[in-house]
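The values are calculated or read from the model by the stated rules, or taken from the named source; none is laboratory data. Everything quoted here is computed from the prediction, not taken from an experiment. Positions of Cβ are generated from backbone atoms using ideal geometry, with glycine treated the same way; all protein chains shown enter the neighbour counts. These area figures cover heavy atoms from the full protein model, side chains too; ligands, DNA and RNA do not enter into them. Shrake-Rupley method; radii C 1.70, N 1.55, O 1.52, S 1.80 Å.
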Amino acid sequence: MGLDEVIVPTRRGSRSYAPWVRALPRTTLDRARLEADIIWLCVPDAVIAQVTRRLVRRVVKRVGARGLKGQIVVHSSGALSSILLQEAARVGASVASVHPVMSFPTRTPVALEGVPFGVEADASSRRILNAIVRRIGGRPFPVKTATKALYHAIGVLSSPLLVSHLAAAQQTAALAGFTAREARQLIEPIARATLDNFFLRGAGKSFSGPIARGDVQTIRLHLQALEPHPILAGVYRSLALYALEALPATGRKELRASLLAK
């Protein structure tokens, strides 16, 4: 299965694209043949439905009301389900979503070897899409339509909000008088060791510190120090309260009272 055509928003000059993009068979939606076995929409979540409608109008104009019969239309949103593609389903397409569980912070291509891909599709389409994911080095697994948003929340908690958490630690270091370089030197060893422990031993056997010990006085000192910085204090409280619910801790009742005190 080869790459038939890559649809781009406009026919910009070649110099505006990276060299590897310029080598692709680029076209626009108004000129596209849309005859590939799989039509894969890689667009922002907010415009998936709009792009699908445009695609369907283009196909119906060319070949009639069953113009996508036998084809699969896919989007790559992590949070949204294939229900957004129902316009395509109405003209014969099978619809699905395929989403890589990976961070893409820049436009630099990211290696996909070993990356998990959530595949939301019917059985026949899933077999085809799984084969494509494996061909590019990924590891496909099924995702249910009803739990798509929760599935995506896993990724957000595992990457962007993990970055947010570490940024909060770095900001707290700045408030304590450390430079950015010094903060990184403080945070990196303990953060890396914690991640290694988490994936090697599990959450319970990776959890340490004042909450695990039931050290109420230390928690109160932290909250007092963070009080002039309500957002950081809120992050601390939220994570600490979740720890009391999910992780081994001593003196839960008194710790909870301290965390909830105004």
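Give me the percent relative contact order of region 62-172, please, defined on Cα pairs under 8 angstrom at least 6 residues apart.
Details: 159 pairs, mean separation 25.8, N = 111.
Reported as a whole number, the value is 23 percent.
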For helix 123-135, report the angle its Cα long axis makes with the longest principal axis of the Cα atoms of the chain; keep it between 0 and 90° and round to the nearest 10°.
70 degrees
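Please give the length that would be gained between R57 and A23 if that part of the chain were fully extended, namely 0.36 nm times their separation in residues minus their C-alpha to C-alpha distance (nm, one decimal).
Working: separation 34, 0.36 × 34 = 12.24 nm, distance 2.83 nm.
So the extension gain works out to 9.4 nm.
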Using only helices, what value at 222 nm comes out for the chain when you add -39,500 (n - 2.57) per DSSP H run of length 4 or more and divide by the total residues, to the nearest 500 deg cm²/dmol?
-15000 deg cm²/dmol
Got a sec? Charge dipole of the chain, +1 on Cβ for Lys and Arg, -1 for Asp and Glu; which of A149, L259, A32 is way out at the positive end?
A32
Just to be sure I understand: with springs between alpha-carbon atoms less than 10 Å apart, which residue in L68, L24, L85 has the highest mean-square fluctuation in the Gaussian network model of the chain?
L24
Quick check: pseudo-label points 7 Å beyond the Cα along Cα→Cβ at A131 and K205, how many nm apart are they?
4.2 nm
With the dipole of the chain defined by +1 on each Lys or Arg Cβ and -1 on each Asp or Glu Cβ, the option from V59, S81, A212 whose Cα lies farthest towards the positive pole is V59
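Under a point-charge model restricted to the Cβ atoms of Lys and Arg (+1) and Asp and Glu (-1), what is the dipole moment magnitude of region 1-122 relative to its Cα centre, in debye to the nearest 20? Walk me through the intermediate numbers first.
Working: 17 positive and 10 negative charges, 169 e Å.
So the dipole magnitude of region 1-122 works out to roughly 820 debye.
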Compare S82, S97, S124 in a GNM of the chain, Cα atoms joined below 10 Å, and give the one with the largest fluctuation.
S124
Taking only protein heavy atoms and a 1.4 Å probe, the highest-to-lowest accessible-area order of D37, D122 is D37, D122
Once the dipole of the chain is set up from charges on Cβ (+1 Lys and Arg, -1 Asp and Glu), the residue from the list V21, H165, A249 lying farthest towards its positive end is V21
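Given a 1.4 angstrom probe, what's the average accessible area per residue across region 65-146, in square angstrom?
Working: 4310 Å² over 82 residues.
Result: 53 Å² per residue.
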What FRET efficiency comes out for R31 versus S238 if R0 is 51 angstrom and r is the Cβ-Cβ distance? Round to the nearest 0.05.
0.50
Identify which of G118, G155, G251 has the largest mean-square fluctuation in a Gaussian network model of the chain, with springs joining Cα atoms closer than 10 Å.
G251
In whole angstrom, note down how far apart the Cα centers of region 69-98 and region 132-176 are.
24 Å
What residues from region 122-165 fall in the zone where the backbone N is under 19 Å from a label point 7 Å along the Cα-to-C-beta line of A191?
155-165
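Taking 41 Å as R0, compute the FRET efficiency from the Cβ-Cβ separation of K69 and V115 and round it to 0.05. Could you put the intermediate results ahead of the total?
Working: r = 32 Å, r/R0 = 0.77.
After rounding to 0.05, the efficiency reads 0.80.
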Where labels lie 7 Å past Cα in the beta-carbon direction, separation of R213 and L3 in nm:
5.6 nm
Determine the relative contact order of the chain: mean sequence separation of Cα pairs under 8 Å and six or more apart, normalised by residue count, in whole percent.
10 percent
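For the chain, with all protein chains present and a 1.4 Å probe, just round the carbon and sulfur fraction of the accessible area to a whole percent.
Working: 9770 of 16590 Å².
Answer for the chain is 59 percent, counting heavy atoms of protein chains only.
Given charges of +1 on the Cβ of Lys and Arg and -1 on the Cβ of Asp and Glu, with all other atoms neutral, how large is the dipole of the chain about its Cα centre, in debye to the nearest 20? Walk me through the intermediate numbers first.
Values: 36 positive and 17 negative charges, 180 e Å.
Roughly 860 debye for the chain.
Using the crude model of +1 on Lys and Arg Cβ and -1 on Asp and Glu Cβ, and no other charge, please compute the dipole size for region 146-262 relative to its Cα centre, in debye to 20.
On the way: 13 positive and 7 negative charges, 48 e Å.
My answer is approximately 220 debye.
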For the chain, alpha-carbon Rg relative to the globular expectation (2.2 N^0.38 Å, N residues)
1.33
Need one number: nm distance between label points at T145 and S159, each 7 Å from Cα along Cα→Cβ, rounded to one decimal.
2.6 nm
